[in-house]
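Enquirer: Got a structure here, written out as structure tokens. Questions coming.
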Amino acid sequence: MSFSWSAKDHKSYTNPPSNPTQGLKRPRNDTGNKVTVVLGAQWGDEGKGKVVDLLATESDLVCRCQGGNNAGHTVVVEGKEYDFHLLPSGIINPKSICVIGNGVVIHLPGLFEEAENNEKKGLKGWEKRLIVSDRAHLVFDFHQVVDGIQETQRQATEGKIIGTTKKGIGPTYASKASRIGLRVCDLLGDFKEFSTKFKNLVKQYQSMYSSLTVDTESQLKKLKEYGERLRPMVRDGVYYMYEALHGPPKRILVEGANAALLDIDFGTYPFVTSSNCTVGGACTGLGIPPLNIGEVYGVSKAYTTRVGIGAFPTEQLNATGELLQTRGHEVGVTTGRKRRCGWLDLVILKYAHMINGFTAIALTKLDILDVLDEIKVGVAYKINGKRIPHFPANMELLHKVEVEYETFPGWKSDTSAARKWNNLPQKAQNYIRFVENHIGVPKKTKDLLFNGTKAVMGKIWNIDAEKCSAIQPSGLGMKPDVSQTLLRGQTLIGQDGRLQRTTPVQGSASAPAGCCVCQKAQGTMRPCSQCDRPACPSCIQQCASCSSSCCSVCTVIDYSGQYDQVLCCGCAS
């Protein structure tokens with residue numbers, strides 16, 4: 001497959017037809033494909049990467065919508081560790097296209113360094129499967145320097161710091177909000193104009209921070225080189241996502257970074273990140289309508305952790321906290337800092353659910369609690385002995401709350417071998433039922449249970465065998481014959497919290513030999529000329545230029561003529 005940016009692409013984006021649906025040869029429905037969103041429900045580090053990697057196995061499109069390289073996770077595949085900070089984790093699936101949306105801030109040296117490090121470990125073909133929005137803002141090296149200067153100033157003037165990762169995320173979003181930031185489209189446009197804007201931006205920051213020194217000519221030379229490397233991957237993200245939503249059925253996954261309690265609006269401000277980490281960020285960070293949001297999965301540990309300073313009502317500064325930190329291997333992937341640990345806080349989970357409308361909760365690292373005699377869960381906050389009916393916005397007030405706990409007997413047995421709900425001890429089931437009942441998340445929570453060290457998701461995507469319609473995720477309660485058909489081997493989560501995905505062993509059920517788009521196994525399959533995957537007659541598209549047959553992932557819509565037409569990626573480049 002070949003993806004590149006050209007003047008032809010720009011023309012099609014700036015001069016769309018008056019009727020965007022006129023002459024379309026693709027099947028469409030009223031609302032388009034639904035998007036599955038995976039979000040952190042606490043303060044980050046909940047195990048979103050595990051959940052995303054499981055879902056990405058069967059996804060056509062995996063998207064990042066906000067944040068930058070200030071978050072990260074490790075995925076272990078066949079004994080090799082892959083570290084992701086900016087790349088969508090779906091990039092590890094050779095059949096997935098990955099999108100970095102307009103809401104993401106991109107540090108180009110960090111992006112290419114991350115890709116190259118993972119290439120050495122076995123990542124292949126990433127540059128042909130990565131789409132970058134031309135509206136995404138750029139993080140420059142001086143943004144990272146400013147990030148560090150601001151932390152030093154906070155320490156000197158206020159005696160406290162936010163605990164930023166010093167990746168330049170905050171200053172970049174500040175530039176964006178101040179309307180002085182530079183975007184990918186600026187870098188790929190008139191470079192002389194870009195250079196002028198870059199120099200003006202540097203001068204503006206130097207006027208605020210006298211100690212800031214920047215070698216502008218050296219930086220511009222490097223940025224020009226990075227821009228040329230990036231150019232083939234750049235698309236107009238709005239139109240790209242529109243076609244993904246309204247073309248043939250696609251399984252689209254959005255990978256949220258950070259978490260609800262780190263959201264710039266709804267988090268524990270000011271100890272938050274600089275972007276919207278809640279479900280609304282998926283819409284604004286990719287340019288997709290709320291109508292297309294389908295499943296929203298909130299990921300939570302069976303206990304609570306937090307990195308850096310800030311209020312943490314259920315934190316345990318005792319032997320329990322040390323046990324959770326040690327057994328859970330609670331060390332940040334990006335910062336290397338030890339995480340603060342405490343009991344599960346249902347006040348913040350319910351608050352996160354109120355904002356995001358979770359359709360299910362994915363509970364991770366349940367097995368870390370296996371050795372405890374009793375397990376506590378925070379269910380309410382009190383001020384001066386009286387319950388407060390909300391999650392406080394004021395951090396001084398949040399620091400003062402007393403936590404009301406419910407205490408559960410520990411199950412004192414190993415849950416690491418559990419594969420199904422019924423494999424869990426009754427006391428563990430009671431714990432989980434209490435969590436879902438208190439939060440108010442639908443009962444399919446247990447269908448997405450990732451219970452600690454060896455969780456297996458036998459199936460992710462349900463099939464509509466009657467028609468070629470959007471494929472939606474569902475729970476584990478599907479027919480055995482269907483779940484066995486979709487089983488692609490085991491997915492193990494090690495005790496260190498890292499994903500270990502293995503290929504199917506001999507004799508295991510494999511993926512159906514059906515259409516790569518709608519999964520139907522009816523009719524004569526034809527291989528895609530771009531990716532070689534089979535597609536059924538209903539989902540195969542013919543390129544209007546070279547007449548080759550392509551699956552929906554490998555085609556784009558060309559709007560440059562009187563009527564829009566389907567082109568393969570090769571002809572569109």
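The values are calculated or read from the model by the stated rules, or taken from the named source; none is laboratory data. Predicted, not measured: the structure shown is a model, and the values here were computed from it. Here the Cβ is made from the backbone with ideal geometry for all residues, glycine too, and neighbour counts use every protein chain on show.
Enquirer: I need a count of the residues in the stretch 152-184 that are polar (S, T, N, Q), modelled with pLDDT under 85 and part of a loop (DSSP other than H, G, I, E, B).
Expert: Taking the stretch 152-184 and keeping what is polar (S, T, N, Q), we get 152-153, 155, 157, 164-165, 172, 175, 178.
Now drop any that are not modelled with pLDDT under 85, which leaves 155, 157, 164-165.
Now restrict to residues that are part of a loop (DSSP other than H, G, I, E, B): 164-165.
Counting residues in the stretch 152-184 that are polar (S, T, N, Q), modelled with pLDDT under 85 and part of a loop (DSSP other than H, G, I, E, B) gives 2.
Enquirer: In addition: Name every residue in the stretch 209-221 that is assigned to a helix (DSSP H, G or I) and free of Cβ contacts under 8 Å to residues at least 24 places away in the same chain, in order of residue number.
Expert: Applying the first criterion (assigned to a helix (DSSP H, G or I)) to the stretch 209-221 yields 216-221.
Thr216, Glu217, Ser218, Lys221, listed by residue number.
So that you can scan it fast, the table gives a plain yes or no per residue for (1) without any contact (Cβ under 8 Å) to a residue 60 or more places away in the chain; (2) within 17 Å of the chain's Cα centre (by Cα); (3) surrounded by fewer than 16 Cβ atoms within 10 Å (Cβ to Cβ); (4) within 28 Å of Leu245 (Cα to Cα):
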| residue | (1), (2), (3), (4) |
| --- | --- |
| Glu78 | no, no, yes, no |
| His85 | no, yes, no, yes |
| Asn93 | yes, yes, no, yes |
| Ile106 | no, yes, no, yes |
| Lys120 | yes, no, yes, no |
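Enquirer: Here's another thing I want to ask about it. On the given criteria, is Lys250 at pLDDT below 95 and charged (D, E, K, R)? So that I can check it myself, show each step before the final result.
Expert: Details: at pLDDT below 95: yes; charged (D, E, K, R): yes.
For Lys250, the condition - at pLDDT below 95 and charged (D, E, K, R) - is met.
Here is a yes/no grid of residues against (1) surrounded by fewer than 21 Cβ atoms within 10 Å (Cβ to Cβ); (2) without any contact (Cβ under 8 Å) to a residue 24 or more places away in the chain; (3) outside any loop (DSSP other than H, G, I, E, B); (4) of a type in the set (Phe, Trp, Tyr):
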| site | (1), (2), (3), (4) |
| --- | --- |
| Pro270 | yes, no, no, no |
| Cys277 | no, no, no, no |
| Gly280 | yes, yes, yes, no |
| Val299 | no, no, yes, no |
| Gly310 | no, no, no, no |
| Gly321 | yes, yes, yes, no |
| Gln325 | yes, yes, yes, no |
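Enquirer: Here is a follow-up. State the number of residues belonging to the stretch 144-163 that are within 21 Å of Asp263 (Cβ to Cβ) and touching a Gly at 6+ places or on another chain (Cβ under 9 Å).
Expert: From the stretch 144-163, those within 21 Å of Asp263 (Cβ to Cβ) are 147, 150-151, 154, 160-163; that's our starting set.
Right, trim to touching a Gly at 6+ places or on another chain (Cβ under 9 Å) and you get 147, 150-151, 161-163.
Here the count works out to 6.
Enquirer: On the basis of being in the same structural domain as Asn258 (by TED's automatic domain parsing) and assigned to a helix (DSSP H, G or I), does Glu116 make the cut?
Expert: Numbers: in the same structural domain as Asn258 (by TED's automatic domain parsing): yes; assigned to a helix (DSSP H, G or I): yes.
Judged against the criteria, Glu116 is a match.
Enquirer: State whether the residues of the stretch 244-253 include one that is closer than 30 Å to His390 by Cα and assigned by TED's automatic domain parsing to the domain that holds Leu108.
Expert: Step one: list which residues in the stretch 244-253 are closer than 30 Å to His390 by Cα, which gives none.
No - not one qualifying residue is present in the stretch 244-253.
Enquirer: Another question, then. Hey, Leu245 hits all of (1) assigned to a helix (DSSP H, G or I); (2) within 30 Å of Arg339 (Cα to Cα) but one; which does it fall short on?
Expert: (2)
Enquirer: Which of the residues belonging to the stretch 285-324 are among the hydrophobic types (A, V, I, L, M, F, W, C) and more than 27 Å from the chain's Cα centre (by Cα)? I'd like the intermediate steps shown before the answer.
Expert: Going through the stretch 285-324, the residues among the hydrophobic types (A, V, I, L, M, F, W, C) turn out to be 286, 288, 291, 293, 296, 299, 302, 307, 309, 311-312, 317, 319, 323-324.
Once the filter is applied, which keeps residues that are among the hydrophobic types (A, V, I, L, M, F, W, C) and more than 27 Å from the chain's Cα centre (by Cα), the stretch 285-324 yields Leu317, Ala319, Leu323.
Enquirer: Another question about this same structure. Any chance the stretch 230-238 includes a residue that's out of contact with any strand residue (DSSP E or B) (no Cβ under 7 Å at 6 or more places or on another chain), of a type outside the set (Ser, Thr, Tyr), surrounded by 15 or more Cβ atoms within 10 Å (Cβ to Cβ) and free of Cβ contacts under 8 Å to residues at least 40 places away in the same chain?
Expert: There is no residue in the stretch 230-238 that is out of contact with any strand residue (DSSP E or B) (no Cβ under 7 Å at 6 or more places or on another chain), of a type outside the set (Ser, Thr, Tyr), surrounded by 15 or more Cβ atoms within 10 Å (Cβ to Cβ) and free of Cβ contacts under 8 Å to residues at least 40 places away in the same chain.
Enquirer: Do we have Gly101 as more than 21 Å from Arg251 (Cα to Cα) and either surrounded by fewer than 24 Cβ atoms within 10 Å (Cβ to Cβ) or not aromatic (Phe, Trp, Tyr) (or both) here? It would help to see each step written out before you state the result.
Expert: Working: more than 21 Å from Arg251 (Cα to Cα): no; either surrounded by fewer than 24 Cβ atoms within 10 Å (Cβ to Cβ) or not aromatic (Phe, Trp, Tyr) (or both): yes.
The answer is no for Gly101.
Enquirer: Among the strands (runs of 3 or more DSSP E) confined wholly to the stretch 333-426, which include 2 or more residues that are under 21 Å from Ile439 (Cα atoms) and touching a Pro at 6+ places or on another chain (Cβ under 7 Å)?
Expert: Details: elements: 340-342, 360-364, 374-383, 386-388, 402-409.
Where strands (runs of 3 or more DSSP E) fall fully within the stretch 333-426 and carry at least 2 residues being under 21 Å from Ile439 (Cα atoms) and touching a Pro at 6+ places or on another chain (Cβ under 7 Å), they are 374-383.
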